[in-house]
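Laboratory data are not the source of any read-out in this text; all were calculated from the coordinates shown. Keep in mind that this is a model prediction, so the values were computed, not measured. Here the Cβ is made from the backbone with ideal geometry for all residues, glycine too, and neighbour counts use every protein chain on show.
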Amino acid sequence: MSLLNEIKSPADVKKLPAEKLPELAKEIRDEIIQVTSKNGGHVSPNLGIVELTIALHRVFSTPEDKIIFDVSHQCYTHKILTGRQGDIFKTLRKSGGITGFCNREESVHDAFGAGHAGTAASAALGLAAARDRLGGDENIIAVLGDAALTNGITYEAFNNISKTTKRLIVVLNDNGMSISKNVGIIAQKLGDIITNPFRNKIHKDLDSFLQRVPGGKDASKFIEKAGRSIKDFFLPCSLFENLGFRYLGPIDGHNLVLLEHYLNFCKSSEEPVLLHVVTQKGRGLKCALENPEKFHGASPYEIETGESTENPNKDILSYQDAMGKALVRYAKKDPKIVGITAAMASGTGLCHIKKALPQQFFDVGIAEEHAAVFAAGMAAQGFRPVTAIYSSFMQRAFDCAMHDVCLQNLPVVFCMDRAGLSPNDGATHHGLFDIAFLRCLPNAVIMQPKNEDELADMLYTSIYSGKPCFIRYPRGKGVGVPTKDEPATLEIGKAEEVKKPEGSIVIWALGNMVAEAEKAAKILLEEDGINAGVVNARFAKPLDGELLLEHARKNSLIVTLEDHVKAGGFGSAVSEFLTEHNWPCSLKIIGWPDKFIPHGDNVASIRELFGLSTRQIADQIKQAWSVACKKD
C-alpha cells in the first residue's frame with residue numbers, strides 16, 4: 001500500500017511512525033520525477049527539499065502556522081502533503097491545473113505567493129509583525145535557498161527582524177546552487193562553515209568533552225547562564241548572529257530525525273532563529289545530480305537519460321542562444337564588450353561568453369538591481385556592457401534603469417529574454433509589462449526582432465549606439481533564420497515594410513507578432529479580398545513617425561499587434577503619436593488584456609483563451625475594418 005495514498009493533509013503526515021518517513025520521502029521523490037518528466041518543472045530544487053518539507057509539516061501545523069517558501073519553486077512536496085497529491089499533482093503546470101509555485105488562491109496552506117527570489121524573509125516578518133499586533137501565537141517560518149542570500153531584499157528584511165519580533169524562524173536550505181553555481185563572498189562563507197572541520201568538530205563534540213574534564217560542567221553552566229551556546233563561546237560569531245539571529249547548524253537536511261529535533265527547538269525559541277540545513281540538489285535522480293543547472297527548470301525529459309522528450313528542431317537556435325553566440329562573436333573582436341548576468345548564465349544564453357571569454361563575463365548572483373548599476377559603472381568607464389535579464393525580472397531593476405542608466409544616458413544594453421509568455425511558469429514569469437514601464441524613460445531605446453538574424457543586428461546596433469538600449473525577445477526557439485556573417489547596423493527608430501499596404505489596412509506588428517500579422521493578412525486576402533499591409537515595427541521607442549504618418553494618411557485602418565499588455569504598450573505609443581499629430585485615423589490595438597495571465601500547456605493554448613490566435617486576430621481586424629468603413 002502506498003503511503004502517499006494515505007496522505008490527505010498534513011495531519012496524516014504527523015500520524016506516520018518515524019520509521020516510515022524514509023519510505024514516504026522515496027515515494028514523494030518518485031512522484032515528483034514521474035510528473036515532471038511529463039510536464040517539465042523545477043526538478044532539482046524539489047528533489048533536494050523533500051525531507052525538510054516533511055519535517056516542517058510534522059513539527060508545524062499549517063494553515064495556522066505559516067510556511068513561506070522563497071521563490072516557492074521548491075514547493076512540490078508541500079503541495080503533495082497539503083491535499084494536492086495524486087490526480088491533482090499530475091496537473092502541475094498544465095492548463096487548468098495547479099501552478100508550479102505557491103499560490104494563495106490555490107490553497108489555504110500557501111501562506112504567501114511567490115515566483116521571484118528574495119521575498120520570503122520580508123513576507124515572513126510582515127506576517128510575524130501582524131501576528132504580534134493581533135496577539136496570535138502561530139509560528140512563522142521562512143524557507144530560504146542559499147541563493148536568496150545574494151539578493152538585497154533578504155538583507156533589508158534581516159536588518160529589521162530582531163528589532164521587530166522575538167519569534168521568527170528562518171530555515172536556510174543550503175545546496176550551493178541558485179540556478180547556476182552560487183557566486184560571491186556569501187557563498188564562500190557558507191562553504192567555509194560547512195567544510196570547516198574544526199568548527200564542525202567543536203559543534204559536535206565540545207559539550208560532551210566539557211562534561212568529562214575537571215571543571216567542565218561548571219564551565220558549561222557558566223556559558224549557558226551567559227546566554228550563549230557552547231559553539232558560540234569558542235567560535236567567532238557568524239554573519240547571522242551579528243544580524244540578531246540565534247544560529248543553529250549546519251545540519252544534514254536529509255536526516256529526518258535531526259531535522260525534527262532542531263525544528264522543535266526552533267519552535268520553542270523566544271528569539272529569531274536561523275537553522276542552516278545542507279541539502280543535495282537533485283537528490284534521487286541521477287541526471288539531475290549530474291547536471292543540477294539543467295534540471296533546475298527542465299522541459300519534459302526521459303527519466304533514465306535526462307534527454308528532452310519535446311523533440312525540438314535541434315538545427316534551430318533558441319533566441320537566448322542566438323543572442324549569446326552573437327555576443328561572443330562581437331566580444332572576441334572588442335575586449336570592451338562584457339556580459340553580465342544575475343545568476344542566469346544558462347537561461348539567458350550568457351553561458352556562451354562565460355565559456356569562450358570568461359574574463360569578459362560577470363555573474364553577480366540573484367541581484368538584478370546590482371547588475372544594472374554595475375553595468376552603468378562599467379559603461380561610465382568606457383566599457384560596453386550587455387546585461388541579460390529575463391523580462392519579468394527586469395521589473396526589479398526599473399529604478400536602476402531609470403536613475404543610473406537612462407538619466408545619465410549611459411550605453412548599457414539590456415537583453416530581455418522571456419518577453420511575452422513563459423507558458424508553464426505563469427503570471428510570475430510572463431514578460432508582458434516591460435514596454436509599458438520602460439517606454440516612459442527618456443533616452444531609452446526599445447526594440448524587438450522578428451527573427452534570430454534581426455536579433456543579432458539589434459544586439460550589434462545597440463552595443464555601438466551610445467544609448468541605453470532594451471532588446472526584448474520571446475522564450476524558446478527562433479524561427480530558423482540563420483544569422484549573417486557580418487551584422488548590419490540598423491537605423492534606430494526605422495521600421496521595415498514587409499508587405500506594402502494598398503489603401504485599406506496596415507498592420508504594425510512588433511517582434512514575434514510579425515509572423516502572426518502575415519498570417520492574418522493572408523486570411524483577410526483569401527476570405528475577404530482585403531489586401532492588408534504588414535510592417536515590422538522593430539522599435540517600440542522611438543517609433544518610425546514618418547512612416548506611421550504616411551500610412552495614416554493613405555489607409556483607413558491601422559492595426560497594432562504586440563505580445564504585451566495593451567495598457568502602456570506599443571499600441572498605446574502609436575495612439576499617442578497619432579493623437580499628438582492630430583491625425584484622427586481609425587486605430588485597432590491588439591494585445592493582452594489588463595489581467596494577470598495564468599499558466600498553460602503552451603503559448604498557442606493561452607493565446608486562444610484570450611482571443612489572440614491567428615484566426616481570432618484576423619476576426620478582430622475584420623470587425624475593426626467594418627467599423628472603420630462605416631465611419632468613412
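Against the chain, whose longest principal axis comes from its Cα atoms, helix 614-631 is set at around 50 degrees. Which of rounded, prolate or oblate describes segment 522-632 when judged by the alpha-carbon gyration tensor and an a/c cut-off of 1.5? Verdict is oblate for segment 522-632.
When the alpha-carbon atoms of the chain are used, the pair Rg, Dmax equals 27.3, 103 angstrom. Taking Cα atoms only, the orientation of helix 513-528 departs from the longest principal axis of the chain by about 40 degrees. Over all other residues within a Cβ to Cβ distance under 14 Å of F437, the charged ones net out to +1, with Lys and Arg as +1 and Asp and Glu as -1.
Cross-link reach is defined here as a Cα-Cα straight distance under 17 Å, omitting same-chain residues fewer than 8 places apart; for K332 the aspartates and glutamates meeting it are D321, D457, D485, E486. Residues in segment 357-373 carry Karplus couplings, in order, of 9, x, 6, 10, 10, 9, 10, 9, x, 6, 8, 4, 4, 4, 4, 5, 6 Hz; the curve used is 6.51 cos²θ - 1.76 cosθ + 1.60 with θ = phi - 60°, and Gly or Pro positions show x. Note on segment 319-472: dipole from Cβ charges, positive end direction compared against V373, M323, Y390; the farthest Cα belongs to M323.
For segment 516-594, which chymotrypsin sites (Phe, Trp or Tyr not before Pro) are in a loop by DSSP, counting at most 11 other Cβ atoms within 10 Å? In loop regions of segment 516-594 (DSSP not H, G, I, E or B), there are no sparsely surrounded chymotrypsin sites (Phe, Trp or Tyr not before Pro). The peptide list 513-524, 620-631, put in order of mean Cβ contacts within 10 Å with the highest first, becomes 513-524, 620-631. Between the residues L3, A436, G571, the greatest Cα displacement towards the positive end of the dipole of the chain, with unit charges on the Cβ of Lys, Arg, Asp and Glu, is found for L3. Seen against the Cα atoms of the chain and their longest principal axis, helix 50-59 is set at about 60 degrees. Note on the chain: with charges restricted to the Cβ of Lys and Arg (+1) and Asp and Glu (-1), its dipole about the Cα centre is near 840 debye.
For I530, the residues 5 or more places off, or on other chains, whose built amide H falls under 5 Å of its own are L525. Can you compute the FRET efficiency between E156 and F610 using 1/(1 + (r/R0)^6), with r the Cβ-Cβ distance and R0 = 30 Å? Round to the nearest 0.05. Using R0 = 30 Å, I get an efficiency of 0.25.
Classification of segment 236-282 by its C-alpha gyration tensor yields an oblate form. The axis ratio a/c (a ≥ b ≥ c) is 1.5 or more, and b/c is at least a/b.
Summing charges over all other residues whose Cβ lies under 15 Å from the Cβ of S392, with Lys and Arg as +1 and Asp and Glu as -1, gives -2.
Which shape class, rounded, prolate or oblate, goes with segment 319-472 when its Cα gyration tensor gives a ≥ b ≥ c as root eigenvalues, a/c under 1.5 marks rounded, and past that a/b bigger than b/c marks prolate?
Here segment 319-472 falls in the rounded category.
Using alpha carbons only, how many angstrom separate the centre of segment 120-145 from the centre of segment 237-274? Centre-to-centre (Cα) distance: 16 Å. Helical content alone sets the calculated 222 nm signal of the chain at -12000 deg cm²/dmol, taking -39,500 (n - 2.57) per DSSP H segment of four or more residues and averaging over every residue. Per residue, the average separation of C-alpha pairs within less than 8 Å and at least 6 apart gives the chain a relative contact order of 11 percent.
Kirkwood hydrodynamic radius computed over segment 362-437 comes to 12.7 Å, based on all pairs of distinct alpha carbons.
At full extension, L549 and K163 could sit 133.0 nm farther apart than now, given 0.36 nm per residue minus the alpha carbon distance. Counting neighbouring Cβ atoms within 10 Å and putting the fewest first, the residues E19, E27, E271 line up as E19, E271, E27.
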